[in-house]
Amino acid sequence: FLKQGSTILQQFAETFGLVEKDPLRPPECLGFVLSNEAVSQAEKRREGSGGRVDAHPVSRYLYDLGCLFLDSLFDQRPIQRFWFLEVVARIPYFSYTSMLHLYESLGWWRAPDLRRVHGAEEWNELHHLLIMEALGGNSQWSDRFFAYHAAIVYYWLINLVFLFSPRIAYQFMELLEAHAGDTYGTFLIENKVRLQALPPPSIAKTYYTSDDLYFFDDFQVSRAPGTRRPPCDSLYDVFKNIMEDEAEHVKTMIACQKYCEDGAPILSPFRAQEQAKFSPSLTSTENDEKQREQWKKWAEEVNSNSNNEYDE
């Protein structure tokens, strides 16, 4: 509370000219720009080339309203805008996991593979958030206030939508992830030279180049584990990696919608790899049944050996 209170006073004093702003404090000192019009044009080009999300009219209206809010609140403040986006972007994965636990507790639907993928997706978004915090995206109290309260409202909204239609809940997230990809792509174009001259934050190096990339691989359902190892030598690489992450989230959300529509199995990359090694000629469901039969057979053998020991 004391920390938040002190930043409120600091922001108030700087806004009304009572104290001078630190010219070396990020993210302002980084000198980045982002045109709202350019982001809008990038979105139109994507939709015109077949990338339009076929969203529910209510979802589209709320999405357009959210974009207008972002454009107004974060005009020419790209790092703060990205930080806000990443705070909100984590929330649906919390909601999905919460609702899947509820569905399973009520005996309606059991989807452990979905929970596994959503956990890896949230881990990815968390590191996007940490990168933006390393660049000063959360330095202003007002930005934190709006982001945290929006996150709380968004969490319960997604819970409610998921309760009635998981497909629409996934579809709305596809909208947001596609928009994030457009925004990061525009940012890369407009700040390429500046980004290439700056080093990556240590948290980005840790996430993208560490020896343990299990969670990094496990949210990308369209790729086999280990097939994507992006460079992380500059801040340009970092934002390019984040943009490509958002594209992978879009693919995962599409797969989740197909799962809701026709039951097409969705497996995390490592789970799919395990299935292929176990019996590549069988489907996921057939593999599960075969593993279950082997488990029962093993249990019977253990019980039989135990009974023989007691008889002796």
Q: Output the number of the condition that LEU34 fails; it satisfies all remaining conditions of (1) touching a helix residue (DSSP H, G or I) at 6+ places or on another chain (Cβ under 6 Å); (2) farther than 26 Å from LYS258 by Cα; (3) modelled with pLDDT under 90.
A: (3)
Q) Is there any pair with a first residue in the range 267-287 that is among the aliphatic types (A, V, I, L, M) and a second that is open to solvent by 70 Å² or more (accessible area, probe 1.4 Å) and at pLDDT below 70 whose Cβ atoms are under 7 Å apart and which are 6 or more apart or on different chains, and what are they? A) LEU282/LYS290
Q) Before we move on, is PHE94 surrounded by 13 or more Cβ atoms within 10 Å (Cβ to Cβ) and touching a Pro at 6+ places or on another chain (Cβ under 6 Å)? A) no
Q) Could you list, in sequence order, the residues of the range 141-196 that are closer than 15 Å to LEU62 by Cβ and part of a loop (DSSP other than H, G, I, E, B)? A) SER165
Q) Could you say which residue among VAL19, VAL58 is within 28 Å of the chain's Cα centre (by Cα), open to solvent by less than 100 Å² (accessible area, probe 1.4 Å) and either at pLDDT 95 or above or of a type in the set (A, V, I, L, M, F, W, C) (or both)? A) VAL58
(Q) open to solvent by less than 40 Å² (accessible area, probe 1.4 Å) and not in a helix (DSSP H, G or I): which single residue out of PRO199, PRO230 fits that description? (A) PRO230
Q: Confirm whether ALA272 is of a type in the set (A, V, I, L, M, F, W, C), surrounded by 15 or more Cβ atoms within 10 Å (Cβ to Cβ) and either within 13 Å of ASN124 (Cβ to Cβ) or in contact with a strand residue (DSSP E or B) (Cβ under 6 Å, 6 or more places away or on another chain) (or both).
A: no
(Q) Looking at the range 168-186, can you tell me whether even one residue there is hydroxyl-bearing (Ser, Thr, Tyr), touching a residue at least 60 places away in the same chain (Cβ under 8 Å) and open to solvent by 40 Å² or more (accessible area, probe 1.4 Å)? (A) no
(Q) Just the residues that are of a type in the set (Gly, Ala, Ser), assigned to a helix (DSSP H, G or I) and either under 30 Å from ASP113 (Cβ atoms) or in contact with a Gly (Cβ under 8 Å, 6 or more places away or on another chain) (or both), please, taken from the range 202-227. (A) ALA204
Q) Picking from TYR103, TYR93, which residue would you name as being in a helix (DSSP H, G or I) and at pLDDT 95 or above? A) TYR93
Q | Residues within the range 167-199 that are of a type in the set (Gly, Ala, Ser) and touching an Asp or Glu at 6+ places or on another chain (Cβ under 8 Å), tallied | A | 3
Q: State whether the residues of the range 210-218 include one that is on the phi > 0 side of the Ramachandran plot and open to solvent by less than 50 Å² (accessible area, probe 1.4 Å).
A: no
(Q) As an exercise: evaluate VAL33 against (1) farther than 30 Å from SER234 by Cβ; (2) open to solvent by 20 Å² or more (accessible area, probe 1.4 Å); (3) part of a loop (DSSP other than H, G, I, E, B) and give the number of the one condition it does not meet. (A) (1)
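The values are calculated or read from the model by the stated rules, or taken from the named source; none is laboratory data. None of the values given here were measured: they were computed from a predicted structure. All Cβ positions, even for glycine, are placed from backbone atoms using ideal geometry, and neighbour counts span all protein chains on display. Note: areas computed on protein heavy atoms with side chains; ligands, DNA, RNA excluded. Shrake-Rupley method; radii C 1.70, N 1.55, O 1.52, S 1.80 Å.
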